[in-house]
Structure formats: C-alpha cells, structure tokens
Amino acid sequence: MLKIFKSFGGFIEIPQAEKGCWINVIQPTSEETDRLKDEFNIPSDIIRDILDADERPRYEIDDDWTLILFRIPIETPNNGIPYSTIPIGIIRINNVTITLCSTINEILPLSQPALFKGSSSNVHYDPLIFIIKLCLRSGTVYLNYLKYINQQTTQIEDEVEKSVRNKELNKLLKMEKCLVYFITSLKSNEVVLTKIKNTKNMEEDTQDLLDDAIIENKQALEMAQIYSNIQSGMMDAFASVISNNLNVVMKQLTSISIILMIPTLIASLYGMNVPNFLEKNNWAFLGIIILCILMAATGIIFFRKRDMF
C-alpha cells in the first residue's frame, strides 16, 4: 500500500507527490515498487535491501539520496515465535521522504497515519525530526514487547515447577529466540543512531530528541540482555526441575505398584487350587480380605515415613 501525505505524520493525504511530502509504503506490490523506481528514481537494489527480512541496519549518503535503515519489532504469532524484527527504510530523495517496510507494523500503522500529531511543531517540516521520532517510537515498542516477554516468562516459570513435559521448555526457547533477535537488532540500531549523531549538524532541540532516542534504544538493549541472561540460566535449572519432577512421579508410581503387589500376592497364594487349611472355613474369604487391607496399610505407612509416597 502506497500513501502520499502533504506533511510528516499523515495529516493530509494527497494523490500526487510534491516537494516536502511524505510517502509511506507498506507491503508494496510489484506495481508500487516499479513506481518507486520510475517516478522517484530509487535504485532497485535499495528497495530490494529494505524488503529483505535479513538486511542489517545502516546509514548511507549518496549524491542523490540518503538512506537510513534500521530494524523494528513486529508481532509474528504465525511464525512459531511471538515477536521478530524486520528492516524499515527511510529514503530522502528529491526533497521527498519515503518510508518503506515489507510488513504492517506498530511503528507506522496504516490505521493511524497521524501517529506523531501534536508531538512536535517541527515534525511537519523537518525530515530529521520525523526520522528520529520513528527511532524513538521503535525503542518504545521494543520496551513494550520486552515487558510482555518478561510476563510470559514468569508465567512459564510457574508452569515448569509442576511440569514433567517439554512443552514449557519449548515456550522458553521461543522467548529466548525473540530476545536474540531483539539484541542483535538493537545493537545495529545503536550504530545507526550514533552515525546520525556524528554526521548531522543539529539544533539543540533536535539533538535532545536524538539523545532521547539513543537512551530509549540503550534501555531496550539492556533489558533484552538482562532477560536473555536470566533465561539462559533458567533453561538449565528448569531442565533439572522437569527431570526431578519426572523422578518424583516415577517414585510414586513404583511405591503404588509395590503396595498393590502385596494384596495381589496374598490373593494369589490363597487362590491356588491346593489345600491351604482354609478351604472349608466360612470366614476364610473375609479373613484374607482383611489381611490384604492390613498389609497394604502397613506398606503405605512404611513408604510415608520414608517420604516415598
């Protein structure tokens, strides 16, 4: 989908591009990518790199264009893991700013084009402020997703304490995979933000805004690293917990089997078709039942005292 806005933030949508406009492209079709190449003279290799899910963040300046590419978090419930990261590209060419992403995301949601309305009076006119606010928004979304991952990890911890299956460990592995994606992307984004800071002559307000974006990115990176380190230790501990839980279950089943074997043995001995001195006794059956119950109760008491049942 390709939308053209008169100013940054998506306040007024216009049919054709003009000087100073913002073009937001999400999940572009082949016709829209061809339009970016033909009408706006964007090199095809840049479009291909931005749409590549594995592309690394970078900051490039050419005679005709400027490219800022960083990675943003997205929800991927159908991909086996709850979250992943994808690249988003910001191209400045011929006094036009173009944002390009291969997937619908929370950084530039199609349902809320005026995401940055009211946040800054300069956002309508300064492309750099708009770019920094995208980075700031990306850091905030990273933090929100990290909080959700931490909540899910805490919930899985409670389940693992009672579990003897690998299902909970698989959930932890998926969370760990998300954190690896986040850490790798946040480190690369930090490099891009540092390059922007070192190569641009900015006003004081813009510099402060960029510092906020850098701090937000660092905070997300530190949180992701902390959660990752915690989960790495938890994985080994929980594997031992699950193994121990399984041993406890096997111990209980073995104790039950032994207790059930006692009355079975007595009933088998007195059930043989041989003289046993009780075959003519009217109380023999009742006596054998009582003996089985007493022996089983003795076995239960014995195992309970040894904490095996």
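Just so it is clear, none of the values below were taken in a lab; they were calculated from the coordinates. Since the model is a prediction, treat every value here as computed from it, not as a measurement. For neighbour counting, all protein chains shown are included, and Cβ atoms are generated from backbone atoms with ideal geometry for every residue, glycine included.
Numbers at a glance
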read-out	value
Lysines whose Cα lies under 26 Å from that of LYS305, excluding same-chain neighbours fewer than 8 positions away	LYS162, LYS251
Local electrostatic count at TYR145 - Lys and Arg +1, Asp and Glu -1, tallied over other residues with Cβ under 12 Å	-1
Charge sum, other residues only, whose C-beta stays under 13 Å from ASN79's C-beta, Lys/Arg counted +1 and Asp/Glu -1	+1
Test item: Cα-centred dipole of the chain, Lys/Arg +1 and Asp/Glu -1 on Cβ, debye	1740 debye
Förster radius 51 Å - calculated FRET efficiency between ASN245 and ILE14, Cβ distance, rounded to 0.05	0.20
Distance (nanometres) between label positions extended 7 Å along Cα→Cβ at PHE40 and LYS218	3.3 nm
Top of LYS174, LYS280, LYS197 by mean-square fluctuation, Gaussian network on the chain, Cα under 10 Å	LYS280
Contact order relative to length of the chain, as percent, for alpha carbon pairs under 8 angstrom and 6 or more apart	16 percent
Reach of LYS167 by Cα under 14 Å, taken over aspartates and glutamates that are not fewer than 8 positions away in the same chain	GLU157, ASP158, GLU159
Helix runs (DSSP H) in the chain reaching 27 Å along axis by Cα, Kyte-Doolittle at least 0.0	127-160, 204-270, 284-305
Most positive-pole-ward Cα, TRP65, ILE88, ILE256, against dipole of the chain from beta carbon charges	ILE256
